[in-house]
Amino acid sequence: MAIIPVPAGAEFTNLVFEPDFPAQVNRTEWARGRKVVGLPGLPKWFIKGVLKLQSTETSIRLWRSFKMKLRGVENTFKIPVLTGSAAQIPSANPTVVSVSANGLFVVVSSAANLKEGMYGTVALPSGHHRLFVLSADPISTLLSIQPELPETPTAGTAIEFRAPYALVAQIETRGGWEDSDGNAFFAFDTEEAY
Amino acid sequence: MPRPDATASAALDNNIFPIHFCFLDIVGDPTRANTSGMQQVISGSGKPDLDGTYLGVPSKLASVSPVKVTDRGTDTVTARLSGIIAIDSASMTILGNRANWKGRKARLWRLIRDSNRTQQGGIQHYYTGYMVNLTHGGDGSHQFMEITIENYIAALAAPAFATLQDQADFDPGDLSPRASVALANGVGGNPLTANTPVVVGGGVGDGGRGLVGRIIADQLK
């Protein structure tokens, strides 16, 4: 499994984010009450998106090559989660200082320009890259995040806030493109790959 | 199987996010895994089997079947391990030696967490068994090794298929198995000396009384 580099200047649109939190709901028929019981496994991102593509011969060639290099479900890639090309924050990426045991709180070197709802991506020791969302405005340098980090990143690891992405792989073994009159259409249906 | 303590029981009134822990005592490759998706380290529990590092996203342990408890013990529990032949050759080598797993412990624990993912109450042990069998299987979508786990009641209650003929295994001086075979064959004589057998019945006067008749006739002599 290799991480296939996304061609430069990639922008996706019509992104659909479906974070999946494993749990079951037990409902009572008598009183219509409900109770949630967590199921095994980590919360996991499912992301669909369409490539915003300049229909030039060069870019279609590069993306066709990219799709083929993914080899269906085999290889992973970093899908950008911002639809625009502008950076999410103007300042440099902060680094990890520490992470709470439950993985829901991260202390960073600087929380400048960070706000609730922003995306972030951090590399984990296992080689995975976890996408998360800030679930509150930072308190000093303490970030509250969702979903949790499954591992503690090495202290000093930079968190990608400028151009966050998710490390994903395609779900279907058949994943290609459409081509009509010289316009190519690349769609991606992916799941987080850990 | 201990019940949840008071704190854990109270937590059951609200949403819960339990974690299950599994420990397979395989020689050379003790497997510890948990279902939370995060690595869990347990130390100082006072239980040597429980202390250890439980991997969150285990590459080896694929699944553990539910535990069904009845008054005759529990139904067979199965643990599925990743069984890709080429990649898992190290595991295959370890498991290929039956002494590395057969009859060794497999244990399961459970921990209750509340919505804040905070532990409620102690860690509850709910199953201990012995790994008794291993199969390798798979289909087009996945391959696996399946370890069958029996608890001690099932392991001890299994029929031994022993008969009177095995008596000598337990009591080398006992010759009753030989005597029973000799009698059934219509052969008398003292089995202790194994001397020349005396054929009884089947001759004149047997009158077609059959085996039982011949044995009775033998007794009456």
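Quick rundown of the values:
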{"read-out": "GNM top mover of A:148, A:178, A:74 - chain A, alpha-carbon springs below 10 Å", "value": "A:178"}
{"read-out": "Gaussian network model of chain A, Cα within-10 Å springs - most flexible of A:170, A:88, A:24", "value": "A:24"}
{"read-out": "Whole-Å distance, taken between Cα centres, linking region A:131-160 and region B:36-82", "value": "29"}
{"read-out": "Mean-position separation - Cα centroids, region B:101-122 and region A:29-48, in angstrom", "value": "20"}
{"read-out": "Radius 11 Å from Cβ of residue A:192, net charge of other residues (Lys, Arg +1; Asp, Glu -1)", "value": "-1"}
{"read-out": "Label point distance in nm, residue A:69-residue B:14, each placed 7 Å from Cα along Cα→Cβ", "value": "4.9"}
{"read-out": "Rg over Rh [alpha-carbon atoms, Kirkwood Rh] for region B:1-134", "value": "0.99"}
{"read-out": "Rg ratio (alpha-carbon, reference 2.2 N^0.38 Å) - region A:1-59", "value": "1.93"}
{"read-out": "Residues B:71, B:174 arranged by fewest to most Cβ contacts within 10 Å", "value": "B:71, B:174"}
{"read-out": "For chain A: rounded, prolate or oblate by the Cα gyration tensor [a/c cutoff 1.5]", "value": "oblate"}
{"read-out": "Extension gain from residue B:89 to residue B:139, taking 0.36 nm per residue of separation minus the Cα-Cα distance", "value": "16.1 nm"}
{"read-out": "Nonlocal amide H pairs with residue B:62, under 5 Å, H built at 1.01 Å", "value": "B:80, B:81, B:82"}
{"read-out": "Under 14 Å, Cβ to Cβ, from residue A:61 - net charge with Lys/Arg +1 and Asp/Glu -1", "value": "+1"}
{"read-out": "Packing-based exposure ordering (other Cβ within 10 Å, fewest first) of B:152, B:126", "value": "B:152, B:126"}
{"read-out": "Average Cα contact separation per residue, region A:1-60, under 8 Å, 6 or more apart, as relative contact order %", "value": "39"}
{"read-out": "Surface/4 of the Cα convex hull for the protein assembly as shown, nm²", "value": "36.3"}
{"read-out": "Whole-number percent relative contact order across chain A, with pairs defined as alpha carbons under 8 Å at least 6 apart", "value": "25"}
{"read-out": "Using θ = phi - 60° and Karplus 6.51 cos²θ - 1.76 cosθ + 1.60, couplings along region B:112-128 (whole Hz; Gly, Pro as x)", "value": "9, 10, 8, 4, 7, 6, 9, 5, 10, x, x, 7, 9, 7, 10, 7, 9"}
{"read-out": "Candidates per chymotrypsin sites (Phe, Trp or Tyr not before Pro) in region A:1-76, loop by DSSP, up to 13 other Cβ within 10 Å", "value": "A:30"}
{"read-out": "Compactness of region A:114-194 as Cα Rg over 2.2 N^0.38 Å, two decimals", "value": "1.41"}
{"read-out": "Net charge of Cβ neighbours under 14 Å - reference residue A:149; Lys, Arg +1; Asp, Glu -1", "value": "-1"}
{"read-out": "Angle between chain A longest axis and helix A:57-70 axis [Cα atoms, degrees, rounded to 10]", "value": "50"}
{"read-out": "Residue exposure sequence - B:178, B:110 - by fewest surrounding Cβ within 10 Å", "value": "B:178, B:110"}
{"read-out": "Highest-MSF residue in chain A out of A:167, A:131, A:62 [GNM, Cα springs under 10 Å]", "value": "A:62"}
{"read-out": "Distant-in-sequence amide H partners of residue B:26 (H built 1.01 Å from N, under 5 Å)", "value": "B:31"}
{"read-out": "Region A:152-194: proportion of alpha-carbon pairs further apart than 13 angstrom, %", "value": "70"}
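Quick note: the coordinates plus some simple rules give every number you see, no bench work behind them. Not measured: the values here are computed from a predicted model. Reconstructed Cβ throughout: ideal geometry from the backbone, glycine too, with neighbour counts over all protein chains shown.
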